[in-house]
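Chemist: Structure in structure tokens, see below.
The values are calculated or read from the model by the stated rules, or taken from the named source; none is laboratory data. Every value quoted in this text rests on a predicted model; they were computed, and no experiment measured them. Reconstructed Cβ throughout: ideal geometry from the backbone, glycine too, with neighbour counts over all protein chains shown. For accessibility, only protein heavy atoms count, side chains too; no ligands or nucleic acids. Shrake-Rupley method; radii C 1.70, N 1.55, O 1.52, S 1.80 Å.
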Amino acid sequence: MPIRTISQQIGDSGQQLVEQWFNHPRWVARNQSHDFGIDLEVELADGLEDSKQAMTGKLIKVQIKTHGMVKHNSSHVAYKIPRSLLHYADAFRIPVILAVVCRKTKRVWWLWLQEWSMLNEDALARTPESEKIAAHIPVEQTLQRDLDTKLPEVAIGSPTNAKILALRNLLEAASGWNDHILSEGIAKLFGTIGGNNRDWTLRKVTDKLLEMGESAPLWEAQQTWPVMSGLIETGGNSFTQAQVLRLVQRGDTYSRTGFNGLSRLYDVWPEETAALGLPQAFDKAGLGTVAWYCAMRERFPGKRDRIFAFELLRADQQLLEYGGYRLVRDDELGYFVTTKFPYRGESILLDCLTMSDDG
């Protein structure tokens with residue numbers, strides 16, 4: 001005869017308890033007939049007269065984890081979340097919550113998984129090999145308390161973090177990165193918001209460049225430029241040395257698009273960029289030509305874009321040496337820079353460098 005295990009009994013009782021709580025004037029619960037990581041779908045409702053409900057189309061997906069006893073202290077429930085569940089939740093464009101059920105006390109704690117992932121990106125990145133991640137759920141954050149308050153707000157998308165997640169999703173959707181105006185506008189918003197969102201956006205740009213490989217055509221790599229430009233315009237003053245290195249470096253060479261971002265940083269945020277110690281950092285990373293460029297930008301401050309390149313064509317020859325590289329001024333250099341600059345920008349200067357006598 002079929003056997004119903006203790007584990008199944010516990011799981012079924014937890015799901016029944018969660019459904020009971022969502023048997024509520026503001027909610028309608030629907031079982032998921034095929035459970036592939038989501039146990040329940042709940043829809044926010046508006047209460048009408050005669051106990052009727054008007055459906056709103058605002059949904060939350062629920063994953064239920066039931067335990068005989070859930071331990072907690074006075075401030076939080078420490079719960080280990082499978083990383084696979086976090087990845088799955090992040091793929092949704094509607095909220096996914098984890099419901100942790102204590103069978104003994106009948107309490108149900110909840111955690112909005114996409115928000116938690118966003119707020120703990122650094123911790124997740126530091127432990128890529130771990131299959132489970134410890135999360136702290138506030139002990140007061142229960143279905144019993146929040147069915148009328150916080151959970152409707154999550155479903156509607158009114159919390160600040162819901163707006164940020166929506167912008168992230170929109171940025172990714174705009175990226176084939178072909179909708180330049182939209183992409184740049186969202187990136188500027190993230191630059192203004194700052195914090196994890198600025199880091200996330202820069203990481204997305206850099207990851208996309210890395211995916212293209214070291215020999216990606218410039219026209220293809222430049223698809224990322226609107227996002228990078230928008231981010232630099234509003235948030236470039238908070239870039240770190242490590243972020244700039246990752247943006248520019250590709251093994252023992254450099255990305256021209258990443259280099260254009262570096263150039264833009266010096267244009268828009270010259271003092272902040274100069275404070276990062278980039279000449280020494282790129283020299284240490286084995287990119288002597290990029291180190292030379294950074295040194296020149298800091299040696300000739302206040303010059304930008306094409307003006308900077310042509311300033312070098314008039315500069316004292318001794319000032320054009322750094323780190324074993326030098327730019328030799330002559331008529332051929334002037335012609336080369338003039339004709340190639342429209343296609344390669346300031347990176348054309350790196351193509352013209354030679355080793356100095358003591359290099």
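Chemist: Could you go through segment 268-288 and let me know if any residue there is at pLDDT 90 or above, within 19 Å of VAL337 (Cβ to Cβ) and in contact with a Phe, Trp or Tyr (Cβ under 8 Å, 6 or more places away or on another chain).
Modeler: We begin by selecting, within segment 268-288, every residue at pLDDT 90 or above; these are 268-288.
Narrowing the set further to residues that are within 19 Å of VAL337 (Cβ to Cβ) leaves none.
Taking every residue of segment 268-288 in turn, none turns out to be at pLDDT 90 or above, within 19 Å of VAL337 (Cβ to Cβ) and in contact with a Phe, Trp or Tyr (Cβ under 8 Å, 6 or more places away or on another chain).
Chemist: So ALA89 passes all but one of these: (1) surrounded by 13 or more Cβ atoms within 10 Å (Cβ to Cβ); (2) in contact with a Phe, Trp or Tyr (Cβ under 8 Å, 6 or more places away or on another chain). Which condition number does it fail?
Modeler: Only one criterion in (1) surrounded by 13 or more Cβ atoms within 10 Å (Cβ to Cβ); (2) in contact with a Phe, Trp or Tyr (Cβ under 8 Å, 6 or more places away or on another chain) is unmet by ALA89, namely (2).
Chemist: Identify the residue in segment 314-323 that is buried (at least 16 other Cβ atoms within 10 Å of the Cβ) and in contact with a helix residue (DSSP H, G or I) (Cβ under 7 Å, 6 or more places away or on another chain) and, among all such residues, is nearest to ARG250 (Cα to Cα).
Modeler: Filtering first and then ranking leaves GLY323.
Chemist: So which residues in segment 331-359 are assigned to a loop (DSSP other than H, G, I, E, B), open to solvent by less than 80 Å² (accessible area, probe 1.4 Å) and farther than 18 Å from PHE308 by Cβ?
Modeler: Passing the criteria: SER356, GLY359.
Chemist: Here is a check on your reading of the model: is TRP116 closer than 21 Å to VAL28 by Cβ, within 26 Å of the chain's Cα centre (by Cα) and among the aromatic types (Phe, Trp, Tyr)? Show your work before the answer.
Modeler: Values: closer than 21 Å to VAL28 by Cβ: no; within 26 Å of the chain's Cα centre (by Cα): yes; among the aromatic types (Phe, Trp, Tyr): yes.
So TRP116 does not fit the description; no.
Chemist: Helices (runs of 4 or more DSSP H) wholly in segment 234-313 with at least 2 residues that are surrounded by 15 or more Cβ atoms within 10 Å (Cβ to Cβ) and touching a residue at least 60 places away in the same chain (Cβ under 8 Å) - which ones?
Modeler: 256-268, 288-299
Chemist: Search segment 1-53 for residues being hydroxyl-bearing (Ser, Thr, Tyr) and more than 27 Å from HIS87 (Cα to Cα), and hand back the single one that is modelled with the lowest pLDDT.
Modeler: Here the residue is THR5.
Chemist: Where the second residue is of a type in the set (S, T, N, Q) and not in a helix (DSSP H, G or I) and the first is farther than 15 Å from ARG145 by Cα and at pLDDT below 95 and lies in segment 86-109, which pairs have Cβ atoms under 7 Å and are six or more apart or on separate chains?
Modeler: Sorted first by the residue in segment 86-109, then by its partner, the pairs are ARG103/THR66.
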